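Notes to accompany the following structure.
The values are calculated or read from the model by the stated rules, or taken from the named source; none is laboratory data. Not measured: the values here are computed from a predicted model. FYI the Cβ positions are ideal-geometry reconstructions off the backbone, even for glycines, and counts take in every protein chain you see. Note: accessible area is taken over every heavy atom of the protein model, side chains too, but ligands, DNA and RNA are not part of it. Shrake-Rupley method; radii C 1.70, N 1.55, O 1.52, S 1.80 Å.
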Amino acid sequence: MNSLWQDLRYALRVLAKQPGFTAVVVLTLALGIGANTAIFSVVNAVILEPLPFPDSQQLVEIKGIDVRAGDAHRPLSYLDFVDYRAQNRSLESSAAYDKNTFTLTGIGEPLHVEAGVVSANLFDVLRTQPTLGRAFSAEDDKPGTRVAILSHRMWQSRFGGNPNILGTSITLDTKPFTVIGVMPSGFQFPLSGQPLDAYTTVAVQMVSSSGDEPLPAQRGAHYIRAVGRLKPGVTMQQADADAHAIGGALEKQYPDTNGHLSLMIQPEIDSMVGDARPVLMMVLGAVGFLLLIACSNAANLLLARAAGRQREMAIRASMGAGRARVLRQLLTESVLLAIAGGVLGLFLAVWGTTLLAGLQSVRIPRLAQAGIDLRVLAFTLGVSVLTGIIFGMAPALHASRFNLFLSLKEGGRASSETKRASRARNILVVAQVSLAVILLVGASLLIESMVHLTRQSPGFDPNGVMTFNLDLPDARYGKPEQSLAFFRDLLERVRAIPGVQSASGVLPLPLGDDVIRTSFEIEGHPMAQSELPRVHIRIVAQDYLKTMRIPLVSGRDFTPRDKRDAPPVILINEALARRYFPNENPIGKHIKPSVSDSGPEEKMREIVGVVGDVHHRNLWQPTDPEAYTPYDQLALGGMNIVVRAQGEPMNLLPVIREQVRALDAELPVYRARDMSEYISDSVAQRKFTSLLVSVFAAAGLLLATVGLFGLISYSVEQRRTEIGIRVAVGAERGDIIGMVLRSGITLALAGIAVGLAGTFALSRVLKNQLFGVTATDPLTFIGVAFGLIAVATAACYIPAWRAANADPLVALRNE
């Protein structure tokens with residue numbers, strides 16, 4: 001311990017005597033360590049941090065699989081969930097959940113409420129109970145029961161934290177609900193998506209106001225999700241095999257509704273993280289490369305300093321210090337530098353983490369919870385120490401290996417750099433350049449991909465369009481005629497507002513995350529129910545194509561004549577026409593979607609038009625087969641209203657709210673947004689990835705350039721006698737510049753070659769993040785290579801120019 005303390009004191013004295021060197025190394029390492037800490041804090045919050053429920057590692061998501069399409073994100077029908085819950089042998093408990101919207105009235109202004117519709121035992125599965133009142137009981141699942149549990153945020157904001165809230169009645173969609181509990185502060189489930197305001201039970205879905213068969217009673221209605229808790233000792237693989245077996249049995253038992261469908265089990269945290277995991281892992285890998293570049297740079301600096309410390313090390317050895325003692329001393333210095341870099345990097349990480357956590361548009365669950373905690377601090381300390389050992393080992397080994405006689409000989413050349421040290425410095429620079437190439441190629445591909453995405457047309461014109469949602473409660477609008485009359489009057493009023501060019505409605509909204517997907521039958525091509533193709537349905541009001549500027553390719557648009565009692569009609573997109581009506585005109589053909597406001601569709605719908613493809617899910621995936629039905633013939637309650645304006649569309653919102661209140665004072669307008677925001681949100685995660693990788697690539701390029709510049713400058717200094725002799729015997733200035741440039745560019749070319757090979761090997765990592773460009777795009781590879789050659793040439797030219805202009809007499813006299 002005493003010798004360690006001596007090493008620390010001596011290391012501090014040595015580093016203090018070289019403040020410039022120390023500052024450069026610390027700043028270099030701070031950049032790498034700080035960036036790694038910031039990204040790790042995000043990975044920690046999103047992936048590593050346990051879910052905020054007791055024994056959360058036992059929580060699993062129960063999902064449906066479309067075996068034909070390989071889609072593992074299918075929701076379940078309630079009846080399938082009930083059968084699975086009764087038959088499975090792997091879970092000790094399981095619960096179903098869905099999201100629904102309600103309108104809260106009777107307390108101030110009408111309020112839109114996002115609510116969870118759950119089976120009564122959900123909170124038992126999560127092992128989380130209300131902080132006030134009680135959880136749901138089995139009795140609350142029975143039809144006709146209407147009870148609610150409020151979120152803590154809702155309780156505080158709308159009810160003022162009233163401690164006497166229990167037992168009171170609140171009005172949701174004109175129906176009374178009894179408040180039986182309040183959840184703890186910070187509770188959220190599901191963990192992804194918008195936090196919910198309240199929870200009620202599936203009992204509210206078991207009674208249909210129109211007298212139709214309610215959703216939970218329809219085996220073909222796949223709309224719910226399910227969560228479960230593993231039994232003690234049961235592995236994830238066993239539970240998944242059990243789910244597959246049950247799914248297979250249900251497929252055989254109910255071939256019409258469950259054909260090609262199965263079940264799977266996934267850890268709840270994996271289900272929550274979803275597509276964010278590969279994104280974060282890729283960014284973490286990129287920032288890891290940046291740290292390696294920083295380590296290489298620091299190691300090069302230490303190697304340069306080691307050449308000047310040969311005499312010092314020899315004196316220590318002559319006084320009895322063994323090689324291990326010298327090696328430990330040098331590693332102590334490098335670890336101290338790394339810890340200092342880690343401390344400074346931690347301050348950079350705090351700033352970076354705050355910046356990342358504030359990116360609200362990035363769809364990464366729990367991103368806002370990213371911060372510096374004990375795990376992140378331990379990571380920073382570990383990375384700092386490991387970094388110190390990594391970048392300090394090679395210089396320490398070199399400095400501790402010397403010729404004692406030559407090192408002590410006065411006037412000897414012990415301080416000059418050995419071939420081994422020179423080779424090590426060259427290798428480190430090649431490594432820096434190769435890592436920078438990997439980062440630059442990755443960043444260039446991501447940027448090029450984003451350029452293609454920004455140029456990708458969504459299939460409609462979002463400029464000048466605003467949208468908002470309206471939900472019509474069944475109590476007042478339970479009949480199709482009532483909702484039709486309301487929206488007809490509202491759209492007439494909105495169209496009459498000055499500045500409005502057109503207005504319409506759609507359900508669901510493009511890029512709005514909601515879908516209505518159903519099977520459909522083509523007239524003259526009978527199939528078994530399980531074999532029917534599937535289509536995305538959009539229910540639209542009059543002038544929808546005009547408002548969104550979706551092109552009509554052939555046929556006609558819907559007209560006022562397409563009323564409820566008129567012959568059923570439908571529009572299809574080009575993707576559906578290409579897939580199911582190849583080489584023929586689909587106009588006049590008939591298809592029958594299995595969806596309507598009163599159970600299965602009984603009549604074929606005539607295709608009256610073909611419209612352009614619209615990207616309803618995102619901008620980078622191929623468009624799905626889509627069909628449009630007129631709202632007048634298929635009214636399903638609420639709609640998304642879309643309004644095209646001459647100026648800024650959001651300025652019309654106050655006037656639109658007045659028109660809604662004039663028709664129904666208890667209807668809240670919610671999710672009012674500019675349509676362009678939906679497009680921005682759809683690519684936000686990809687922008688996040690591109691931005692971070694680009695920043696790390698720029699930092700890596702800077703460090704690699706500085707490293708190459710430092711190496712060439714140091715090489716020129718070591719060769720000044722040689723250069724002086726060359727000039728003295730007649731070498732031209734251009735010859736000296738060319739000689740120095742060749743040495744630097746040779747190293748750069750070696751690094752570029754290694755980096756391009758490494759990028760090619762890692763191309764699969766980027767493949768799923770790219771659009772409009774391949775991961776091995778030759779133009780990008782060539783562009784990065786030539787760009788780096790230009791940068792390397794510039795970095796080498798300054799020391800080359802200095803060498804060519806040095807006075808040979810001064811160099812020879814100093815020698």
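Pick the calculated Cα Rg over 2.2 N^0.38 Å for this structure from [x] 0.98; [y] 1.17; [z] 1.21?
Read-out taken from this structure: [z].
With every protein chain kept in the model, how would you rank LYS563, LYS231 by accessible area, 1.4 Å probe, largest at the top?
On the way: LYS563 100, LYS231 80 Å².
Ranked from most to least accessible, the order is LYS563, LYS231.
Can you give the convex hull volume of the alpha carbon atoms of segment 343-393 per residue, in Å³?
86
State to the nearest 20 debye the size of the charge dipole of the chain about its Cα centre, where the only charges are +1 on K and R beta carbons and -1 on D and E beta carbons.
Here the chain has a charge dipole of around 4060 debye.
In segment 417-515, carbon and sulfur make up what percent of the accessible area (probe 1.4 Å)?
Carbon-and-sulfur percentage of accessible area, whole number: 52.
Roll a 1.4 Å probe over the protein heavy atoms and report the accessible area of GLU531 in Å², nearest 10.
90
Under a Cβ-Cβ cut-off of 13 Å, what is the net charge of the residues other than VAL608 that fall near it, where Lys and Arg count +1 and Asp and Glu count -1?
+1
Distance between the C-alpha centers of segment 497-560 and segment 219-239? Whole Å please.
34
Quick one: check the C-alpha center-to-center distance for segment 423-483 versus segment 689-712, whole angstrom.
Result: 25 Å between the Cα centres.
Please tell me which of these pairs span more than 31 angstrom C-alpha to C-alpha: LYS99/LYS687; LYS546/LYS603; LYS99/LYS592; LYS175/LYS603; LYS252/LYS479?
Going by Cα-Cα distance, LYS175/LYS603; LYS252/LYS479 fall outside the 31 Å limit.
Using a simple charge model, +1 on the beta-carbon of Lys and Arg, -1 on the beta-carbon of Asp and Glu, nothing else, what dipole does segment 479-522 show about its Cα centre, in debye to the nearest 20?
Taking the Cα centre of segment 479-522 as origin, the dipole is about 160 debye.
At 37 °C and a viscosity of 0.692 mPa s, what translational diffusion coefficient does Stokes-Einstein give for segment 559-640, taking Rh as the Kirkwood radius over Cα pairs? Give it in µm²/s as a whole number.
It comes out at roughly 239 µm²/s.
Which of the helices in the chain, when you take each full DSSP H run, stretch at least 18 Å along the axis at their Cα atoms and have an average Kyte-Doolittle score of -1.0 or higher?
Membrane-span-like by this criterion, though nothing is claimed about a membrane: 2-17, 19-43, 236-253, 276-307, 323-357, 374-399, 419-455, 480-495, 684-718, 733-761, 778-804.
Could you sort TYR254, TYR97, TYR714 by their accessible area in this structure, using a 1.4 Å probe and putting the largest first?
TYR254, TYR714, TYR97
How high is the relative contact order of the chain, given as a whole-number percent (alpha carbon pairs under 8 Å, six or more residues apart)?
After rounding, I find 16 percent.
By average Cβ neighbour count within 10 Å, what is the ranking of 148-154, 73-79 from highest down?
Numbers: 148-154: 23.0, 73-79: 19.3.
Ranking, from highest mean packing down: 148-154, 73-79.
Quick one: if you stick a label point 7 Å off each Cα along the C-beta vector at ARG423 and LEU552, how many nm between them?
7.8
Quick check: pseudo-label points 7 Å beyond the Cα along Cα→Cβ at THR178 and ARG13, how many nm apart are they?
In this crude label model, THR178 to ARG13 measures out at 8.2 nm.
Let me have the 222 nm mean residue ellipticity of the chain computed from DSSP H runs of 4+ only, each contributing -39500 (n - 2.57), with the sum over all residues rounded to the nearest 500.
Values: 26 runs with 399 residues, N = 815.
That comes out to -16000 deg cm²/dmol.
How much of the accessible area of segment 214-309, in percent, comes from carbon and sulfur atoms when a 1.4 Å probe is used?
Carbon and sulfur atoms account for 60 percent of the accessible area of segment 214-309.
Restricting to Cα pairs below 8 Å that are 6+ residues apart, what does the relative contact order work out to for segment 568-687? Please round to a whole percent.
Dividing the mean separation by the residue count of segment 568-687 yields 27 percent.
Please compute the modelled spin-label separation between SER680 and GLU732, points set 7 Å along Cα→Cβ, answer in nm with one decimal.
Distance between label points: 5.9 nm.
Taking a probe of 1.4 Å, how large is the accessible area per residue of the chain, in Å²? List each step's numbers first, then the result.
Values: 35750 Å² over 815 residues.
For the chain, the solvent-accessible area averages 44 Å² per residue.
Roughly speaking, what is the centre-to-centre gap between segment 152-201 and segment 258-308 when only Cα atoms are used, to the nearest Å?
Taking the Cα centre of each part, segment 152-201 and segment 258-308 sit 39 Å apart.
Round to the nearest 10 and report in Å² the accessible area of THR101, as given by a 1.4 Å probe over the protein chains' heavy atoms.
30
Using a 1.4 angstrom probe with every protein chain in place, what is the largest-first accessible-area order of ILE427, ILE516, ILE170, ILE447?
ILE427, ILE447, ILE516, ILE170
Run the numbers on segment 8-80 and let me know its relative contact order in percent, using alpha-carbon pairs under 8 Å that are six or more apart.
12
Using a Förster radius of 22 Å, what is the FRET efficiency between GLU531 and LYS479 based on their Cβ-Cβ separation? Nearest 0.05, please.
Details: r = 35 Å, r/R0 = 1.60.
Using R0 = 22 Å, I get an efficiency of 0.05.
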